[in-house]
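**Student:** My questions will all concern the structure given below.
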Amino acid sequence: MSNPTQLGKTTRSSGLSLDEIINDPEAEIKDAATARTFLDQLYTIQGEPTTPEHISHALFYISQTKGVNNTLRSAIRATAYLVRELATSELTESIITAVSSKIEKSVVAAISPQVANILSAAENLEKTNENTRTASDNTIKRIESITNSPGHMDTSQLESHAHAAIKERQLLIDPDSNHPLLNNAATREATIDLIKQALETIDQVDGPDMQLKSIACLRNNGILLEFSNQEAVAWIKEPANKTAFLERLGGEVAIKDRHFNIVIPFLPITTETDKPETLREMENENNIPQGSIARIKWIK
């Protein structure tokens, strides 16, 4: 804030105070309006706004007026330079203010969607993490409940059940070594085609699905079929279906069941093990399905 004492200070070139000089009643220029009118007539462009830059230009022109001594010319030029510097400072500040405002608005407008997306993504990620933690906790609890349940089976038991289920879906065909079609010289494609034709002969509307999962040709000329279900194997083994199936294959072909060795202690030595009637009688006495016992032999 300006000091009133300084405003009334007497200048070096006269005995008048600054207030007396400004308010000189005999002066032609008494205010800003008369000052602008005077300058427009000689040094500035009429109608343009009065800026520090324009005033500095006017002062430089005034310093070139004839009759101005060197001291006065230097004073005018010094004032012009200072006003020019003031104009530059104001222009710089106005540019900085304008540019800063525009940059700020542009940056805010540019990053607002990204910020919103980031916040949304963060929220979704948090929800996903929470759901994952919940699912993980539930899975752990489920595993623990299964593991601790009385009927839980370990890995070896599960594998055993899986192998047993596969065996139930398998059927072993044993063609004679001299079979005209199913022999070592036959191509895999020809073997598959013949087996499919044989299956078609026993495929009925009321029968099970006869879809094959795999066909494996064994080294001993045997052919191992795996079906999609164990009902298909049981269907083929029925006497009528078995006969039709083997006849379609032609030649000498047999369906071999899986055999398991069982030791029977204390079997009387008088048992006629070589007679089929003995095997059937043993099956009847023990409620075993007919044909379950393939043969009996003595061990030492």
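**Student:** Could you give me the ³J(HN,Hα) list for segment 211-222, computed from phi with Karplus coefficients 6.51, -1.76, 1.60 and θ = phi - 60°, whole Hz, x at Gly and Pro?
**Tutor:** 5, 8, 9, 7, 10, 10, 8, 8, 5, 8, 6, x
**Student:** Gap in Å between the Cα centre of segment 235-279 and the Cα centre of segment 18-67?
**Tutor:** Distance between centres, Cα-based: 132 Å.
**Student:** Taking the beta-carbon count within 10 Å as an exposure proxy, list ILE140, ILE296, ILE269, ILE29 from fewest neighbours to most.
**Tutor:** The order, fewest Cβ neighbours first, is ILE269, ILE140, ILE29, ILE296.
**Student:** Still on this structure, please answer the following. Using a/c under 1.5 as the rounded threshold, could you call segment 128-244 rounded, prolate or oblate? The axes a ≥ b ≥ c are square roots of the C-alpha gyration tensor eigenvalues, and prolate needs a/b larger than b/c, oblate otherwise.
**Tutor:** Prolate.
**Student:** Check which residues have an amide H placed less than 5 Å from GLU238's amide H, if you skip close sequence neighbours.
**Tutor:** none
**Student:** Now for a separate question. Per the Kirkwood treatment, what hydrodynamic radius in Å, one decimal, follows for segment 261-300 from the mean inverse distance over all distinct Cα pairs?
**Tutor:** 10.8 Å
**Student:** Report, to the nearest 10°, how far helix 52-62 tilts away from the longest principal axis of the Cα atoms in the chain, using its own Cα long axis and a range of 0 to 90°.
**Tutor:** Compared with the principal axis, the helix lies near 30 degrees.
**Student:** Then there's this: Using only the alpha-carbon atoms, how far is helix 239-249 inclined from the longest principal axis of the chain? Give it as 0 to 90 degrees, nearest 10.
**Tutor:** Orientation of helix 239-249: about 80 degrees from the principal axis.
**Student:** If you don't mind, there's one more thing I want to ask. At a Förster distance of 22 Å, what's the computed FRET efficiency of GLU226 paired with ASN184, Cβ-Cβ distance as r, to 0.05?
**Tutor:** 0.55
**Student:** Considering the dipole of the chain built from charges on the beta carbon (Lys and Arg +1, Asp and Glu -1) around the Cα centre, which of ASN286, ILE143, PRO265 is farthest to its positive end?
**Tutor:** Ranked along the dipole, the leading option is ILE143.
Rule-based calculations on the coordinates, nothing more; no lab input. Everything quoted here is computed from the prediction, not taken from an experiment. Cβ coordinates were reconstructed from backbone atoms using ideal geometry, including for glycine residues, and neighbour counts include every protein chain displayed.
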